[in-house]
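In what follows, a single structure is set out as structure tokens and then discussed.
The values are calculated or read from the model by the stated rules, or taken from the named source; none is laboratory data. None of these values were measured; they are calculated from a predicted model. Quick reminder, even Gly has a Cβ in these numbers, built from the backbone with ideal geometry, and neighbours come from all protein chains shown.
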Amino acid sequence: MKFDRTLPRALVHRAAVAEVFLTDAERRGEDEVVLAAQLPRLHAFYDDTLGARAGHDPMMLLEACRQGIFVVAHRFLDVPLDHKFLLRTVEFEVLDAGPPAPGPFPADVVISTRIEHRARGRAGVTGLRLRFTATVANREVMTAGIDYSWMPPQHWTRLRTAQRGRLELPAVPIAPPVTRIRPELVGRRDPANAVISPVRATADDGLTARLVPDTSHPVMFDHWVDHVPGMLELEAFRQMAIAAAVRAGVLLTPTARPLALHARFRSFAELDLPVECRTGPVRPGADVECTLRQPGALVADARVRLAERGPAAPARPHEPMSGTRAAQAAPPALATSGAGPRAAVHGAGARL
């Protein structure tokens with residue numbers, strides 16, 4: 001596998017070359033593809049954490065896998081580059097203590113990719129379920145799974161026009177400003193990387209907050225989309241889980257990283273409508289249950305498991321926690337993942 005240059009940015013649906021992690025792709029069989037990726041030594045978003053940099057953020061490895069779904073579809077199944085992609089489910093689990101610590105050089109990653117299922121329609125294959133295993137320095141460090149589908153641009157346009165019309169929303173959304181939580185409460189240094197509002201306690205001992213749809217963010221909104229991107233939703237799940245775990249005393253500091261996550265995308269989250277982020281009560285040893293909702297709709301739900309669990313400590317209001325582990329995959333729900341907005345199909349969908 002080659003690591004000397006990135007794949008074309010259009011192939012992985014990114015606008016900035018700096019955000020392209022994949023460097024090579026090779027088909028090894030009918031259902032087998034091997035991807036090569038190089039992770040930067042320091043990334044402005046994924047490596048912006050208060051904790052010690054003991055390894056690369058699993059979410060950065062997940063982003064490399066997410067880019068792989070486009071490569072498999074476009075390069076090996078001849079899906080046209082203008083097609084739009086919908087995410088159904090996303091999950092990962094850290095196998096090692098974490099990816100090796102960043103060293104004097106960028107990390108070369110080999111990602112074994114297997115097609116577990118092909119969804120078929122009248123036009124042929126319309127979606128895939130992929131299983132990824134990421135290896136760094138001959139160590140298997142993480143597995144991930146992504147279930148997704150695609151559609152022609154004209155179908156996408158009809159879908160989005162109809163959905164926004166039902167909600168009586170304008171053709172072009174304008175995201176309203178939302179006050180951010182203090183970044184240190186969710187383990188971040190840069191305020192721009194805090195993606196939720198200050199949290200409030202709920203009657204069931206959970207937390208609630210608003211999602212911050214900052215369309216100027218150079219990573220979460222690498223290119224224009226007319227809905228909340230899936231990777232932003234996953235980051236909101238992580239930050240909510242951290243905040244809830246620290247408040248409950250399950251975590252002593254907000255510096256943990258996710259060990260696993262399983263998320264289902266059910267419908268688009270519109271940029272110009274409030275998105276409520278919510279957790280249930282946090283129990284020691286249990287995954288943190290999270291949801292995203294807009295008026296009248298469940299947008300996405302997730303189970304997150306965090307690392308660095310500690311003994312119970314007094315709860316501290318508005319304080320975060322960290323780390324995550326994903327639960328077993330649940331039945332797929334539609335969500336979007338690709339260039340273009342987040343979509344729903346037959347009433348469900350979301351985009352990474």
Give me the residue from the range 140-175 that is surrounded by fewer than 20 Cβ atoms within 10 Å (Cβ to Cβ) and aliphatic (A, V, I, L, M) and, out of that set, nearest to Leu234 (Cα to Cα). Ala175
Are there any pairs, at least 6 apart or on different chains, whose C-beta atoms fall under 7 Å, with the first in the range 38-56 and under 21 Å from Arg182 (Cα atoms) and the second loosely packed, with under 15 Cβ neighbours inside 10 Å and modelled with pLDDT under 90, and if so, which? Asp47/Arg53; Arg53/Ala101
Condition broken by Met142, with the remaining ones in (1) under 24 Å from Val34 (Cα atoms); (2) in a helix (DSSP H, G or I) satisfied: (2)
Of (1) assigned to a loop (DSSP other than H, G, I, E, B); (2) of a type in the set (Gly, Ala, Ser); (3) in contact with a strand residue (DSSP E or B) (Cβ under 7 Å, 6 or more places away or on another chain), Ala25 fails just (1)
Hey, can you tell me all the residues within the range 236-249 that are surrounded by 24 or more Cβ atoms within 10 Å (Cβ to Cβ) and either outside the structural domain of Ala201 (by TED's automatic domain parsing) or not basic (Lys, Arg) (or both)? Ala236, Phe237, Gln239, Met240, Ala241, Ile242, Ala243, Ala244, Ala245, Val246
Inspect all residues belonging to the range 59-69 and state whether any of them is in contact with a strand residue (DSSP E or B) (Cβ under 8 Å, 6 or more places away or on another chain), more than 21 Å from Asp82 (Cα to Cα) and basic (Lys, Arg). no
Flag for Val71 being in contact with a Leu (Cβ under 8 Å, 6 or more places away or on another chain), outside any loop (DSSP other than H, G, I, E, B), modelled with pLDDT of 95 or more and surrounded by fewer than 22 Cβ atoms within 10 Å (Cβ to Cβ): yes
Write out, first by first residue and then by second, each pair whose Cβ atoms fall under 6 Å of each other, whose residues are 6+ apart or on separate chains, and whose first residue, in the range 120-132, is touching a residue at least 60 places away in the same chain (Cβ under 8 Å) while the second is part of a strand (DSSP E or B) and β-branched (Val, Ile, Thr). Leu130/Thr113; Leu130/Ile146; Phe132/Ile111; Phe132/Thr113
Among the listed residues Val212, Val219, Val225, identify the single one that is outside the structural domain of His13 (by TED's automatic domain parsing), without any contact (Cβ under 8 Å) to a residue 40 or more places away in the chain and either in contact with a Lys or Arg (Cβ under 8 Å, 6 or more places away or on another chain) or farther than 23 Å from Arg283 by Cβ (or both). Val212
Looking only at the range 192-209, decide whether some residue is part of a helix (DSSP H, G or I) and either in contact (Cβ under 8 Å) with a residue 60 or more places away in the chain or among the basic types (Lys, Arg) (or both). yes
Please work out which one of (1) part of a loop (DSSP other than H, G, I, E, B); (2) in contact with a strand residue (DSSP E or B) (Cβ under 9 Å, 6 or more places away or on another chain); (3) surrounded by fewer than 21 Cβ atoms within 10 Å (Cβ to Cβ) is the condition Ile181 fails and give its number. (3)
Subset of the range 30-68, residues more than 29 Å from Leu185 (Cβ to Cβ) and either at pLDDT below 95 or not in a strand (DSSP E or B) (or both), comes to Glu30, Asp31, Gln67, Gly68
